[in-house]
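In what follows, a structure is listed as structure tokens, so that the remarks can point back to it.
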Ligand SMILES: C[S@@+](CC[C@H](N)C(=O)[O-])C[C@H]1O[C@@H](n2cnc3c(N)ncnc32)[C@H](O)[C@@H]1O
């Protein structure tokens with residue numbers, strides 16, 4: 001297991017308490033939330049209804065609540081108890097929550113049909129990303145849905161890292177490096193979907209085991 005800023009950052013109660021309001025309120029926040037749910041719908045196209053889904057990291061549970069409302073059985077896992085406690089107050093007995101580190105998940109092999117990962121990989125250095133991807137692939141029978149913010153331009157780093165002074169480091173993987181990253185984790189690309197082409201960089205990669 002590795003150490004990086006996002007692992008500790010969200011374990012602070014005040015960060016967890018402000019998480020949803022800072023990101024998903026107001027017109028922009030609600031639009032991004034809606035677009036991310038639409039992205040998830042696209043990534044799940046072709047899969048059956050009522051699946052066993054792992055939402056890692058579940059955070060305050062917005063995606064888990066969406067999936068349970070659609071009839072899926074969801075287990076949400078996160079390293080941060082503080083984030084899950086905020087989520088528990090919002091949910092009405094939807095997802096089962098299990099504290100866990102995505103680099104060493106507390107689930108048996110093939111426990112889920114789908115394992116999904118929104119808004120985490122961008123905060124992880126390479127070693128941690130590979131650990132998490134391998135774990136998602138290990139626990140998922142059918143598909144892994146992994147959201148990245150791929151970008152080629154080094155200037156983008158400058159913009160985000162220095163000018164916007166983001167609180168958390170972001171690691172942008174060039175799109176050309178992703179097939180190799182997936183292969184190192186024992187996965188291969190099935191298809192991908194963009195959040196909003198030309199506006200938001202987030203991309204959902206639908207992956208399957210390279211052994212199948
Ligand atoms: C930006 S939030 C995303 C939450 C949720 N997926 C969403 O889209 O709203 C990042 C989450 O990753 C969690 N996290 C960071 N490192 C983790 C790890 N190694 N294992 C599990 N959760 C982790 C943090 O605690 C935090 O809740």
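Coordinate-derived values only; no laboratory data. Since the structure is predicted, the reported quantities are computational estimates derived from the model, not experimental observations. Don't worry about glycine lacking a Cβ; one is built from the backbone with ideal geometry, like all the others, and counts go over all protein chains shown.
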Helix-only [θ]222 nm of the chain, DSSP H runs n ≥ 4, -39500 (n - 2.57) each, per residue, nearest 500: -11000 deg cm²/dmol
Alpha-carbon centroid distance for the pair segment 176-194 / segment 84-125, whole angstrom: 21 Å
Inter-label distance, nm, simple model (7 Å from Cα along the C-beta direction), residue 8/residue 180: 3.1 nm
Cα-projected label distance for residue 17 with residue 96, points at 7 Å along beta-carbon direction, nm: 3.2 nm
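Can you divide the C-alpha Rg of segment 79-149 by 2.2 N^0.38 Å and report the result to two decimal places?
In units of the globular-protein estimate, segment 79-149 measures up at 1.14.
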Gain on full stretching of the segment that runs from residue 37 to residue 104 - 0.36 nm per residue minus C-alpha separation: 21.5 nm
Sorted by Cβ density within 10 Å, fewest first, the residues 111, 69: 69, 111
Directionally averaged projected area (convex hull, Cα atoms, segment 5-209), nm²: 10.7 nm²
Inter-label distance, nm, simple model (7 Å from Cα along the C-beta direction), residue 127/residue 210: 2.1 nm
